[in-house]
1. May I ask for the distance between the Cα centers of region 259-289 and region 126-170, given as a whole number of Å?
2. Distance in nm between label sites at GLN98 and ARG187, each 7 Å beyond Cα in the beta-carbon direction?
3. What percent does the relative contact order of region 21-287 come to when contacts are Cα pairs within less than 8 Å and at least six residues apart?
4. Comparing ALA183, ALA212, ALA87, which has the greatest mean-square fluctuation in the GNM of the chain with Cα pairs linked when under 10 Å apart?
5. Taking only DSSP H segments of four or more residues, each worth -39500 (n - 2.57), what value at 222 nm results for the chain once the sum is divided by all its residues, to the nearest 500 deg cm²/dmol?
6. Using only the alpha carbons, work out the radius of gyration and Dmax of the chain in angstrom.
7. Show me the three semi-axes of the equivalent ellipsoid for region 108-253, from the C-alpha gyration tensor (sqrt of 5 times each eigenvalue), largest first, rounded to whole Å.
8. In nm, to one decimal, how far is the GLU33 label point from the GLU273 one, both placed 7 Å along Cα→Cβ?
Amino acid sequence: MPGTTPVPSSGRDRAVIVDYHMHLRRPAEATEEVDHTPEAIERYLETAAARGIDEIGFTEHVYYFRQTYEVWTLEYQIERCVHDLDAYCDTILEAKRQGLPVKLGLEVDYVGARQERLTELIADYPWDFLLGSAHWIDGLAVDMEPGLWAVYSVEEVWRLYVAAVSELAGTGSVDVLAHPDLAKIFRRLPEPDVLAELHGELADAAARSGVAVEISTAGLHKPVGELYPDPTLLRACLERGVPVTTASDAHVPANVGRDFDRALALAREVGCETVTVFDGRKRRQEPLG
Ligand SMILES: [Zn+2]
Ligand SMILES: [Zn+2]
């Protein structure tokens, strides 16, 4: 690969750019076909190199793997739960062994009472980091309609969402909160005072739990048209010492590192000077790219 060497573990002050959230798929956006192969990794690395990204982390949705089958209840999850977690890990670990700048991750869903069991099922793999996401609460989606939105008021959805993310962070089973304010996806916000309170709660939970938060450019391409998280929430996290990662949530190789100029600009704007690099679920800070 051109220009791709792993981020060394110390003794450097060169700025680092990581993209720590993506899903290995074939190039065609319409199909979203899973592609956990060395060729797919190569394609994602090519985009990363072209965009000056130093290191990428693969974070497939945990419900895609049959090793976790017993945890899933929704049709959406069960019909996708056909892939082999060992094969996924082996493919990425082999790329690591070859010296490619990739990290082994997973996007772990909030599953409420089943969280402990899910944590057990994925415990015996050499993760570099685990993302934590709340996409569903009690079987109802946050980021798909009708989902929670058909049942609860906007304020109730937000309170449920923040409670779920805080609970997930508090379990200690994840390292980074993905798209931390996903509940804004449809641009439905509670009253400003409630939003401020919930931002504070989320930031407190992140700080208490010792997780990082990701700055995700995916929100720019959702109805809300903004980065996750909101600048106010990001500031609240930084004030509490919560570190950040940067993320595209790419589902096709072309989207690796997409709009990272916007993510890095936001990070700088709120006074963030470092980015988190993970190895074996241990984190360190490197100068922000
Ligand atoms: Zn997600
Ligand atoms: Zn994702």
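1. The two parts, judged by their Cα centres, are 25 Å apart.
2. With each label point 7 Å from Cα toward Cβ, the separation is 4.3 nm.
3. 19
4. Taking springs between Cα atoms under 10 Å, the residue moving most is ALA87.
5. -9500 deg cm²/dmol
6. When restricted to Cα atoms, the chain yields Rg and Dmax of 17.7, 53 Å.
7. 22, 18, 16
8. Label-label distance for GLU33 and GLU273, simple model: 4.9 nm.
All of the numbers you see were taken from the coordinates with simple rules; none came from a lab. Since the structure is predicted, the reported quantities are computational estimates derived from the model, not experimental observations. Using ideal geometry, Cβ is built from the backbone for each residue, glycine included, and neighbour counts are taken over all protein chains shown.
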